[in-house]
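Undergrad: Attaching a single structure in structure tokens format; questions to follow.
The values are calculated or read from the model by the stated rules, or taken from the named source; none is laboratory data. These numbers were taken from a predicted model, which means no experiment stands behind them. Glycine also receives a Cβ, built like all others from the backbone with ideal geometry; neighbour counts cover every protein chain displayed.
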Amino acid sequence: MEQTLKQVFDPAPITNAELFKNFLTREIQFVVDHSCLINLRKKAKLFSIGQTADRFYVLLNGAIRIYKPRDDGGNDELARYAAGETIGDFEFARKAEYDANAEAVEDSILVMFPAMGFSMDDFTSLEPYIVSRILLNSIVMMTGRIKSTQNILLENLSWVNELHRRAYEDPSTGLWKQTFLTDEINRILEEPMALIMLKPDRFKILVDSRGHEAGDNAMVKIAMILKTFTRKIGRGWAIRFKSNETGLLINKCSRQSAEKVAKELNAAISGMETVPAQGAIPAFSFSGTIAWSVWPEDGSIWDPLFQGTYSMLLDTWKSEGGGTISHFKEAKEASPAKAAAPVKTGTSAKTGLVAKAGTVKAGTSASKAKP
């Protein structure tokens, strides 16, 4: 149901909005004449995700909630508005699309500008000066809110950083989650960037024979080793990729340094305290499979380099294991004159040499560390 604002005793709720600040009497009258009242029943939608914000609202009474749907069918409530508050003016000023839904928590009455049947394009021809005043106030409002947000962030920087860390921290190990890498890689990528991935060998045997608690304890110890490396180097990130697959991302790290870190990590995992025998269950000693690469030397595009290194980790773990260290490099197309030497390929190209127990083999890039 709609009513003109003239039917409202006090037009102040809409004329006090930031967009109409310092308007003259005639300009305020124009706004009032082109606003309307809307009544929303409980649970009725005010706007939806993807809808263009071509209007904004002032809530006279009732309550409106802003929410986003989750993949599991639930909703995350982002904000709740009470009487007297303005809804959607920032999006209206930017001519943006709403990124959340709005619905009435209870029966509500709102003032809407522009009223149904009008648009800002219509007003441009009717009252270009008033439209220009609204646009100017839009810029002032957006600038003020951005500055206000920046001030809040600066005043609470440690709190913001803590929230950021917790959002990306794996709760059981304290390592960075892979979502951190996915979301932040474009910001943190700094060449040369070393990627060192680790998968413990025979981990299923440990968990099956001694329970998940033993596996959890082992992951905590592995995490401590990884974090020790980043502290010692003074930079980089210790990350939990999937399940028991972890590793290091180290910026400003050359190939030579990356290989050195991979070998030291391999030794550190092998040096973990053996889980003692329990009755008929034999003692369990640790070892790990490692795959590493350096961006952009081993691959100029990050995503294929990451996927290739990860595929090599899994392939080597399945076929070799037992302390194997692999270096992933993207295969380069051979010139016709050298095409006689084929490159071994799978889910990712593997090139280089294998050094295993003193024997050198061509075609892969895995090297098993000496005991």
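Undergrad: Pull out all pairs, ordered by first then second residue, where Cβ-Cβ is under 9 Å, the residues are six or more apart or on different chains, the first lies in the stretch 87-115 and is free of Cβ contacts under 8 Å to residues at least 60 places away in the same chain, and the second is of a type in the set (Phe, Trp, Tyr) and in a loop (DSSP other than H, G, I, E, B).
TA: Gly88/Tyr98; Glu91/Tyr98
Undergrad: Let me ask something else. Return yes when Lys42 is surrounded by 12 or more Cβ atoms within 10 Å (Cβ to Cβ), part of a strand (DSSP E or B) and not polar (S, T, N, Q) and no when it is not. Give the steps one after another, and end with the answer.
TA: Numbers: surrounded by 12 or more Cβ atoms within 10 Å (Cβ to Cβ): yes; part of a strand (DSSP E or B): no; not polar (S, T, N, Q): yes.
Spelling it out, it is not the case that Lys42 is surrounded by 12 or more Cβ atoms within 10 Å (Cβ to Cβ), part of a strand (DSSP E or B) and not polar (S, T, N, Q).
Undergrad: Please indicate, with yes or no, whether at least one residue in the stretch 187-210 is under 16 Å from Val294 (Cα atoms) and of a type in the set (Asp, Glu). Show your work before the answer.
TA: The first filter runs over the stretch 187-210 and keeps only residues under 16 Å from Val294 (Cα atoms), leaving 188-198.
From what's left, of a type in the set (Asp, Glu): 190-191.
Checked against the condition, which is being under 16 Å from Val294 (Cα atoms) and of a type in the set (Asp, Glu), the stretch 187-210 yields at least one hit.
Undergrad: Out of the stretch 188-241, which residues are over 27 Å from the mean Cα position of the chain (by Cα) and at positive phi?
TA: Result: Arg202, Gly211.
Undergrad: While we're here: Residues in the stretch 2-34 that are modelled with pLDDT of 75 or more, farther than 17 Å from Ser138 by Cβ and part of a loop (DSSP other than H, G, I, E, B): how many?
TA: Residues flagged as modelled with pLDDT of 75 or more, farther than 17 Å from Ser138 by Cβ and part of a loop (DSSP other than H, G, I, E, B) within the stretch 2-34 amount to 1.
Undergrad: Being over 17 Å from Thr179 (Cβ atoms) and either of a type in the set (Val, Ile, Thr) or touching a residue at least 24 places away in the same chain (Cβ under 8 Å) (or both) is the filter here; which residues of the stretch 249-261 pass it?
TA: Those that are over 17 Å from Thr179 (Cβ atoms) and either of a type in the set (Val, Ile, Thr) or touching a residue at least 24 places away in the same chain (Cβ under 8 Å) (or both): Ile250, Asn251, Lys252, Cys253, Ser254, Arg255, Ser257, Ala258, Glu259, Val261.
Undergrad: Quick check, is Thr309 surrounded by fewer than 17 Cβ atoms within 10 Å (Cβ to Cβ), in a helix (DSSP H, G or I) and of a type in the set (Val, Ile, Thr)? Steps first, answer last, please.
TA: Numbers: surrounded by fewer than 17 Cβ atoms within 10 Å (Cβ to Cβ): no; in a helix (DSSP H, G or I): yes; of a type in the set (Val, Ile, Thr): yes.
The answer is no for Thr309.
Undergrad: From the list Thr230, Thr309, pick out the single residue that is under 20 Å from Glu320 (Cα atoms) and of a type in the set (Val, Ile, Thr). Show your work before the answer.
TA: On the way: Thr230 fails: under 20 Å from Glu320 (Cα atoms).
Within the list Thr230, Thr309, the selection yields Thr309.
Undergrad: Conditions: (1) in contact (Cβ under 8 Å) with a residue 24 or more places away in the chain; (2) touching a helix residue (DSSP H, G or I) at 6+ places or on another chain (Cβ under 8 Å). Leu59 meets all but one. Number of the miss?
TA: Among (1) in contact (Cβ under 8 Å) with a residue 24 or more places away in the chain; (2) touching a helix residue (DSSP H, G or I) at 6+ places or on another chain (Cβ under 8 Å), the lone unmet condition for Leu59 is (2).
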